[in-house]
Amino acid sequence: MDISSLIIGVFIGIGITMIVFFLFEKKQKEKQSSMQKQMNIEFENIALKILDEKGEKIARINHESIQQILNPLKENINEFKNKVEQTYDKESKERFSLANEVKRLVELNQKISEEANQLTSALKGNSKMQGDWGEMILESILDKSGLVKDREYFIQEMIRDAQGTPIRNQSGQKMQPDVIIKCPDERNIIIDSKVSLSAYVRFMNTDDSLEQKAAMKDHLLSIRKHIDELSLKSYHEYGTTMGYVLMFIPNEPAYLLAMQDDLDLWHYAYNKQVVLISPTNLIATIKLIVDLWRKEYQTRNALEIAGRGAKLYDKLVSFVENLENVGVSLDKAKSAYDDAFKQLSTGNGNLISQAEKLRDMGIAPKKNLKIKN
C-alpha cells in the first residue's frame, strides 16, 4: 500500500471518527437535554407539591390565627352593636322625653308670658287690681319678716276701742287699714298700701322728654292724692298709734323716682302724719320691730323664770318644813313602838312571857311564838 492511500485512509478514519464523535456528542446533548427537562419537570412537580403542602399548612395556620384574632373582635363588635342599639334606644326615649319636656316648658313659658302681659295690662288700667297687688307685696314681706300673723300683725283688722267696739272716723266710716303691727309698748303701727303705676309706666316706656315730664307730673300728683286721701282717714287719731301712718309704695323704682324728682314730697307727707315707705325701708323697719319683740319676749321669759323660781323656792321651804314634821312624827312613832315592844317582850310581866307560861301549863298551840329583835 502506498503512502497516499494510507493518508487517505487515515483521513477517512479521522472523518468517520469525528462524525461518530459528533453524532455521539449530539446524542449525549439530546439525552442530557431530555434529562434536564425531566429533572426540571420533576423539580417543578416537587416544588408544586411542597408549595401545595406548605400552602395548605400556612392557610390552616393563617385561618386559625385569623380566627383567634377575629373571634374576640367579633364578640366586641357584637357587644358594641348591642350597646349602640341600647344607647340609641335610650337616647330615642330621652329625646322623646326631652322633646315633651321642652314642649311643656315652651307652653309654660308662653302661659307665663301671657299671664305676665295680662297682669301688666291689668295693673296699668285697673286701680283695684293695682291695690290688690300692693297688698299682696305687703303681706309677703310681713310673712317672711319673723312677725307672727294675728299675734304681732293683723291684716284688714278694724281699729277698736278698749271695749272692743269698732271705731268710726268723723265721716262715720269704720277704721280698717291694710295692716296693723303691734309693738311691745302696746302702741300700733298702721300701714296702708298705695299703688300708682300708670303714670310711672308711661314715664318708663318713652324717651321723649316732654312725655316723660308730663308722666312724672302725673306720677307725683297721683302720690300726693294718695297722701291726702290717707291723711283724711285719720288713722293716727284713733287708738294707741305712733301718731302717724306708713304709706307703703310697693314699687321701689317708682318710689325712688318720685323722691328724687320732688325733694319736698317726703316732708309734704310727714306734715300730714303720713310717712312714705318703700319695700326696702319697710323691711328695715320691720326688722327693728322684730328685734323689739324678741327682747320683749326675752324680758317676759326672764320675769316668768324669776316668778317661777320664787314659787319654786317657796314650795321648797314648805317641803322642808313638812319633811321635818315627818321626822318628828317618825321619832314619836319610834318611841311609841319601843314602849309597845317592851310591853310585848322585854318588860316585867310582858305578854310573851305570860303566853309561854300558858304553854308550859299544858296548852298545845300549833305554832311557836318567835320575836325578831
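The values are calculated or read from the model by the stated rules, or taken from the named source; none is laboratory data. What you see is a predicted model; the values in this text were computed from it and never measured. A quick note on method: Cβ atoms are made from the backbone with ideal geometry, for glycine too, and the neighbour counts reach across all protein chains shown. Note: accessible area is taken over every heavy atom of the protein model, side chains too, but ligands, DNA and RNA are not part of it. Shrake-Rupley method; radii C 1.70, N 1.55, O 1.52, S 1.80 Å.
Exactly one condition in (1) in contact with a Cys (Cβ under 9 Å, 6 or more places away or on another chain); (2) of a type in the set (Asp, Glu); (3) open to solvent by 20 Å² or more (accessible area, probe 1.4 Å) is false for GLU152; which is it?
(3)
Quick check on segment 221-250: of everything there that is part of a loop (DSSP other than H, G, I, E, B) and open to solvent by 30 Å² or more (accessible area, probe 1.4 Å), which residue is modelled with the lowest pLDDT? Working first, answer last.
Going residue by residue through segment 221-250, those that are part of a loop (DSSP other than H, G, I, E, B) are 233-234, 238-240, 249-250.
Subsequent filtering for residues that are open to solvent by 30 Å² or more (accessible area, probe 1.4 Å) retains 233, 238-240.
Details: LYS233: 83, TYR238: 68, GLY239: 63, THR240: 70.
Checked segment 221-250; the qualifying residue modelled with the lowest pLDDT is GLY239.
Working only within segment 267-287, note down all residues that are open to solvent by 80 Å² or more (accessible area, probe 1.4 Å), not in a loop (DSSP other than H, G, I, E, B) and not β-branched (Val, Ile, Thr).
Selection gives HIS267, TYR270, LYS287.
Would segment 201-215 turn up any residue that is buried (at least 16 other Cβ atoms within 10 Å of the Cβ), small (Gly, Ala, Ser) and on the phi > 0 side of the Ramachandran plot?
no
Is it the case, given these coordinates, that LEU330 is in contact (Cβ under 8 Å) with a residue 12 or more places away in the chain and over 60 Å from the mean Cα position of the chain (by Cα)?
Numbers: in contact (Cβ under 8 Å) with a residue 12 or more places away in the chain: no; over 60 Å from the mean Cα position of the chain (by Cα): yes.
When the stated conditions are applied, LEU330 does not pass them.
Among the residues of segment 180-196, is there at least one that is over 40 Å from the mean Cα position of the chain (by Cα), open to solvent by 10 Å² or more (accessible area, probe 1.4 Å), among the small types (Gly, Ala, Ser) and at pLDDT below 90?
Scanning segment 180-196, I find no residue that is over 40 Å from the mean Cα position of the chain (by Cα), open to solvent by 10 Å² or more (accessible area, probe 1.4 Å), among the small types (Gly, Ala, Ser) and at pLDDT below 90, so the answer is no.
Taking the condition of being of a type in the set (A, V, I, L, M) and closer than 27 Å to ASN368 by Cβ, how many residues in segment 320-353 meet it?
Selection size over segment 320-353: 4.
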